[in-house]
Amino acid sequence: MKPFTTHTGIVATLNRANVDTDAIIPKQFLKSIKRTGYGPNAFFDWRYTPDGDPEMSFELNQPRFEGRSILVTRNNFGCGSSREHAVWALVQDGYRVIIAPRKEAGDQRLPAFADIFRINATKNGLLVVEFSENEVNAIFNLVNTHTGLQAAVDLEKQQVEFQGALPTIYHFDIEPRTKEQLIKGLDDIEQTLLYEADITRFEEEYDLFTL
């Protein structure tokens, strides 16, 4: 897995809440036994017309978002089924960072990301960043008023700097273990292999015991 330390890229916005994994990668694309080729089909039903042409009313097809690698969206992103393909599609479509807001509604707290989506993102080197709703609203305004707005994401410092006329910096929290996993670029297999010597020693001791 590619380590994540810093990333600078164009920011795109998707002004929709509760974007589920079927919207990110529809079920007809789950038949493949490969883990590649999903990128062009991310947001397929919104992204293309029935004839297969780009749907220009879809936000992410706007020319100003060409080459984007940071996505700012609304709360509960990645809800629905647990398909890891949704994260594969986003990563293969060029995204390195997804930003979404936590939202307070009375006594309820609406999550920025669905829990399983967040876990799958970490497994695949995709950084998910949670800000307050007010901060995300301000980011949407920055993107709307600055064509081609870029942001610099620093995982070590836990900050995102939006590089408009007046640079704006927001800080985010992240679970220490998740942060370490992303910085070191460790997927589940690579994390297990860190304990290869211990596993081998246990297997040898267990074999002796069973004999």
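The values are calculated or read from the model by the stated rules, or taken from the named source; none is laboratory data. Given the structure is predicted, the values throughout are model-derived calculations rather than measurements. Counting neighbours? That spans all protein chains shown, and the Cβs are built from the backbone with ideal geometry, glycine included.
Mind listing whichever residues of the range 39-57 are outside any helix (DSSP H, G or I), within 23 Å of VAL87 (Cα to Cα) and of a type in the set (Asp, Glu)? GLU55, the sole residue that qualifies.
Every listed requirement among (1) hydroxyl-bearing (Ser, Thr, Tyr); (2) outside any loop (DSSP other than H, G, I, E, B); (3) modelled with pLDDT under 95 is met by SER32 save one, (2). Tallying residues that are basic (Lys, Arg) and either in contact with a helix residue (DSSP H, G or I) (Cβ under 7 Å, 6 or more places away or on another chain) or on the phi > 0 side of the Ramachandran plot (or both) within the range 81-101 yields 1. For the range 167-179, check the following and say yes or no: at least one residue is in contact with a strand residue (DSSP E or B) (Cβ under 9 Å, 6 or more places away or on another chain), modelled with pLDDT under 95 and not β-branched (Val, Ile, Thr). Yes, that holds for at least one residue.
If you check ILE25 against the conditions, is it at pLDDT 95 or above and aliphatic (A, V, I, L, M)? When the stated conditions are applied, ILE25 passes them. Each residue in the range 38-74 was checked for being of a type in the set (Lys, Arg) and in contact with a Gly (Cβ under 9 Å, 6 or more places away or on another chain), and 2 pass. Does any residue of the range 100-111 turn out to be within 22 Å of ASN41 (Cβ to Cβ) and touching a Phe, Trp or Tyr at 6+ places or on another chain (Cβ under 8 Å)? Yes: one or more hits.
Can you tell me which residue in the range 18-66 is surrounded by the fewest Cβ atoms within 10 Å (Cβ to Cβ), limited to those that are over 26 Å from ILE99 (Cβ atoms) and either in contact (Cβ under 8 Å) with a residue 60 or more places away in the chain or among the acidic types (Asp, Glu) (or both)? Across the range 18-66, the extreme among qualifying residues is ASP51.
Let's see how each residue does on (1) crowded, with 17+ Cβ neighbours inside 10 Å; (2) more than 16 Å from LEU14 (Cα to Cα); (3) within 18 Å of the chain's Cα centre (by Cα):
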position	(1), (2), (3)
ARG102	yes, no, yes
GLN108	no, yes, no
PRO111	yes, yes, yes
PHE117	yes, yes, yes
ALA121	yes, yes, yes
ASN141	no, no, no
ILE174	no, yes, yes
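Report yes if VAL153 is touching a His at 6+ places or on another chain (Cβ under 6 Å) and touching a residue at least 60 places away in the same chain (Cβ under 8 Å), otherwise no. Step through it out loud before you land on a result.
On the way: touching a His at 6+ places or on another chain (Cβ under 6 Å): yes; touching a residue at least 60 places away in the same chain (Cβ under 8 Å): yes.
It is true that VAL153 is touching a His at 6+ places or on another chain (Cβ under 6 Å) and touching a residue at least 60 places away in the same chain (Cβ under 8 Å).
Name every residue in the range 67-78 that is crowded, with 19+ Cβ neighbours inside 10 Å and of a type in the set (Gly, Ala, Ser), in order of residue number. Correct list: GLY78 only.
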